[in-house]
Structure formats: structure tokens, C-alpha cells
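To start, the structure itself, in C-alpha cells.
Please treat every number below as a calculation from the coordinates, not as lab data. Source: prediction; values computed, not measured. Positions of Cβ are backbone-derived with ideal geometry, glycine not excepted, and every protein chain shown enters the neighbour counts.
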Amino acid sequence: MALLEIRGLCKAFDHVVLDRLDLDVEAGEFFVVVGPSGIGKTTLLRCVAGLETPQAGTVRVRGTDVTGLPPYRRNVALTFESYALYPHLTVFENIASPLRARRRPAEEIRRKVREVAKLLRIEHILDHRPGEISGGQKQRTALGRTLVRDPDVFLLDEPISHLDAKIRHELREQFHHLEELRRTATLYVTHDYAEALSLGDRIGVMGPGGLVQIGTPEEVFERPRSLFVARHLGQPTINLLPAALRREDGRVSLELEGCGARLPLTAEQAAALSARTGDRVVLGVRPHHIALADGAAPADGGLLEARVELYEPLGAKGVLLAELGSTRLHVLTPIDVHFRPGERVRLAFDRSAFLFFCPERGVNLVD
């Protein structure tokens, strides 16, 4: 039995936000929901917490149906993106408030508050009030108030989005090892795909109406089931090239629209797509699956020439924006190379990493 079970959850405002959503989160599992702003991620958390009433469906915690229970009887802990701190209380008292509500001993309160404050690096502001601290410190205080709880389910709503990059990186590492999180089920929402891929034991991509794909980070990133998922994971974004499947001399290849170039397919891809010869498809290629070519063209012909439009050095890698006919490509490059606008470059494609989508329905054709 999953610790958190959601079945057939429906919620609508002026439009449908959640449409028959199902989800199980196991004890000790860190499940991350990722998706664009306004898609319904926070609404999902609020329905689990009891702050929103769904039109249909059930929420079970440890096998008990809590759908009709008020928030204080659900034993879930929710961190709000908007902090929701008590302005008249100190940081210490804000973090301690859930423990005081449960009449925990004073020594336990002091110990737990100081432990979580040390973890979040806010020991030095425990005597300050919310109006006297920064936005990042407010968010860490709100997160601390959640972590001192001993709930059945943690619900974390963009809890580190307002922190600086260094603190975000440190907290992502610590989330993997926090015993408090590994004793319960954690449902974490974010719009940051890198955060989702870094943190999630499993991730769910939220689309219109609910979760459109669930899997391990590697499964969802490397084998997206739809164009929606492919577009929302990865930076730089995935390259999408309109193409048509062609057969010549018994071999299936891709003819790219706008430039007429052809790319051969692997034997497995050709077998999977042979019945679609003549159909239009959308070819998906992530930037790290395209490389700068040097020397002679590969024997299979999987190399194309493009024109440099823009180049940005970004730390350990560079991002090259190149024109291939009427299509723009993002390519990750080594940092020790430089390009000028208008320069011609040759690009080699990792054919084994090709993704093929239906242009009308957006589904992965080789899933």
C-alpha cells in the first residue's frame, strides 16, 4: 500500500485543472511534479492538504480516506511558496509553531528548531521577525516550519525557488539525505526541470488536466511520450525538426523540411517506422546529441552543414545556435572553440538518440 494514494481527482475553477488524476507515492519516496506555471501543481498540493475541495476523487493517507477531513486532521505538512509566516513571531517561534500546537516539550522544541535552523543556515536570525529578514531567509523559515513536523506526507510547493543558486544546490543535496523526508512520502512541485531531474526518485510531468507522464528522471528525459514533455525538460530546449519518412533502395531515411537534407535511420528505427513511409514526422534531437564534426563525413552520411547565428560560452560548455535551412538548432559545444556569425559548421547527429513525434497528435511514434 502506498503511503499517499490519489484516485480520480478532479478540480475545476473556470476551467478544468485536474481531470481524473491518479498518483501513488510510497513511504520514503521523493516524488517531484514538474510543469509550467499555472498548470495546476499547487492546486494538486492544496487538494491533498485539504485547502481545496475536489469535485470528485479520493485522497488516502496510510490507507485512510482523508478527502472529507479538514486540514488539521490529515497529518500532512505543506510549505507555501508565499511563505505564510506569522509577522508578529520571531523566526524561532514561526518554526516552532507546529510543535507548540501539538504541545511538545520545550526541550524537544528547542532541539528540533535549532537542528533545522542549522540545516537551513538561519541560526543567526532566530530572534528576528519576518519583516527584518530577506525573501530567501523567509522561504528558509517557511521550509524549516515544515521540516520540524513529523507528518505522514510532506507537501513542498517550490520551497527553494527564491534562494540563491549556491543555497539551492546545497539544499538539493541535503534533500536526498534528510531522514525526516525518507520516513514519509514527499510530494514536491517545481517549474524547474533541472531541480526535478536532480531531486526526484520519480517525476511526473504536469500538463493540461493532470500528469501526462510518470517515470524515473532518466526515463522521462530520454524517452518523452509526447512533444509537450520533450519541450518542457531540458535547457537548451530540444531541437524539433519537421521531416518526412522516405524509402529509397529499400532503406528508410528522414528528409528534413526546409533544406532537403537526408538523415539515415538505425535498423531498429527503420523497422519501427517502415509502415509510415511517406508520412510527416517531427524529429526530436537534444542539443547534447549533436556534435561538431571534424575530419571526413561518417560512412552513413549522418552529417549536415549549418550556418552559425549565435554562440554563447556558458561555463564548462558553450551553446551554439545554428541555422539549418529554415530550422534553428541548439548545439552544446566544448568551451575551447569559438565561432563567428555566418561561419559554416558541420554537425554530426547521434542517430541512436533520435525521437520521432506525430505532428498532429504530438505523441512519440517509437515509445
Is the shape of the chain best called rounded, prolate or oblate, per the rule: a/c under 1.5 gives rounded, else a/b larger than b/c gives prolate, else oblate, with a ≥ b ≥ c the square roots of the Cα gyration tensor eigenvalues? prolate
Of Glu170, Glu107, Glu123, which is the most mobile in a GNM of the chain whose springs link Cα atoms less than 10 angstrom apart? Glu107
Exposure proxy ranking, count of Cβ atoms within 10 Å, fewest first, for Tyr188, Tyr193: Tyr193, Tyr188
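With the Cα gyration tensor of segment 33-93 giving a ≥ b ≥ c as the square roots of its eigenvalues, does the rule (a/c under 1.5 for rounded; else a/b larger than b/c for prolate; else oblate) give rounded, prolate or oblate?
Oblate is the answer for segment 33-93, as a/c is 1.5 or above yet b/c matches or exceeds a/b.
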Gain on full stretching of the segment that runs from Arg103 to Leu303 - 0.36 nm per residue minus C-alpha separation: 65.1 nm
Long pairs among Lys138/Lys317; Lys11/Lys41; Lys138/Lys166; Lys166/Lys317; Lys118/Lys138; Lys118/Lys166, criterion Cα-Cα beyond 23 Å: Lys138/Lys317
If I build a Gaussian network model for the chain, linking alpha-carbon pairs within less than 10 angstrom, which residue out of Val212, Val91, Val16 has the largest mean-square fluctuation? Val16
Would you mind working out the magnitude of the charge dipole of the chain relative to its Cα centre, with +1 at each Lys and Arg C-beta and -1 at each Asp and Glu C-beta, to the nearest 20 Debye? 960 debye
Compute the FRET efficiency between Lys118 and His338 as 1/(1 + (r/R0)^6), taking r as their Cβ-Cβ distance and R0 = 41 Å, and round to the nearest 0.05. 0.35
Which FRET efficiency, nearest 0.05, do Asp201 and Arg247 yield, Cβ-Cβ r, R0 45 Å? 0.55
Residue order, fewest to most beta carbons within 10 Å, for Lys118, Lys138, Lys41: Lys118, Lys138, Lys41
Given an 8 Å cut-off on Cα distances and at least 6 residues of separation, report the relative contact order of segment 122-234 as a percent. 18 percent
Would you work out if segment 239-357 is rounded, prolate or oblate? Take a ≥ b ≥ c from the square roots of the eigenvalues of the alpha-carbon gyration tensor; rounded if a/c is under 1.5, else prolate when a/b is larger than b/c, oblate otherwise. prolate
Residue order, fewest to most surrounding Cβ atoms within 10 angstrom, among Ile95, Ile125: Ile125, Ile95
Taking +1 at the Cβ of each Lys and Arg and -1 at the Cβ of each Asp and Glu, which of Ala101, Ala84, His162 sits farthest along the dipole of segment 84-170 towards its positive end, judged by Cα position relative to the Cα centre? Ala101
By the Kirkwood definition, with r running over pairs of different Cα atoms, segment 169-289 has a hydrodynamic radius in Å of 16.9 Å
